[in-house]
């Protein structure tokens, strides 16, 4: 009787083993990074250069940073692009570094848009499957503009397109940095 139980258990174990071998492995997809909360520092990420070399996010520390997340197919993104260029070139904008991060699936499409728009700002491209920058910045919808202080902390997020070189937008940027304890107005 004991040998029948042992044989039965061996057969059951063999059947379970064969079932496991025949079943395709399913791995959980890596969890997307949660957006960095306002007031918290962005982690250091190496960004793939789009119209220039790759660069680490931490290399921008020391000056307030304005990050615009966009895609070439996004009409609101395209509509606000020139105002970001004008902001960066203005006296008010000289207090900040303005960069762009494309979420395009195809690098060539993003480059085509940058050439068409005569972009002078530094632009980087995020890519799948993890979309690290998009996740960290909280860009579930684009365009999104994120303000980061000189210490690398997120100050504010602004979804949607704006005329970034308008008086209202410049005041909004200055108020955001000032309310975070990081005034940017030159005295």
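The values are calculated or read from the model by the stated rules, or taken from the named source; none is laboratory data. Bear in mind the structure is a predicted one, so any value in this text is a computation, not a measurement. In this analysis, Cβ positions are derived from the backbone assuming ideal geometry, glycine residues included, and neighbour counts consider all displayed protein chains.
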Single unsatisfied condition, residue 64 versus (1) modelled with pLDDT of 95 or more; (2) more than 23 Å from residue 171 (Cβ to Cβ)
(2)
Test: residue in segment 40-51 that is on the phi > 0 side of the Ramachandran plot, modelled with pLDDT under 95 and either touching a strand residue (DSSP E or B) at 6+ places or on another chain (Cβ under 8 Å) or assigned to a loop (DSSP other than H, G, I, E, B) (or both):
no
Which of the residues that make up segment 84-111 are surrounded by fewer than 17 Cβ atoms within 10 Å (Cβ to Cβ) and more than 20 Å from the chain's Cα centre (by Cα)?
86, 89, 90, 91, 94
Scanning segment 62-75 residue by residue, those surrounded by 15 or more Cβ atoms within 10 Å (Cβ to Cβ) and out of contact with any strand residue (DSSP E or B) (no Cβ under 9 Å at 6 or more places or on another chain) turn out to be 73, 74
Which of the strands (runs of 3 or more DSSP E) found entirely inside segment 86-186 contain at least 2 residues meeting this: in contact with a strand residue (DSSP E or B) (Cβ under 9 Å, 6 or more places away or on another chain) and touching a residue at least 60 places away in the same chain (Cβ under 8 Å)?
122-125, 144-148, 154-159
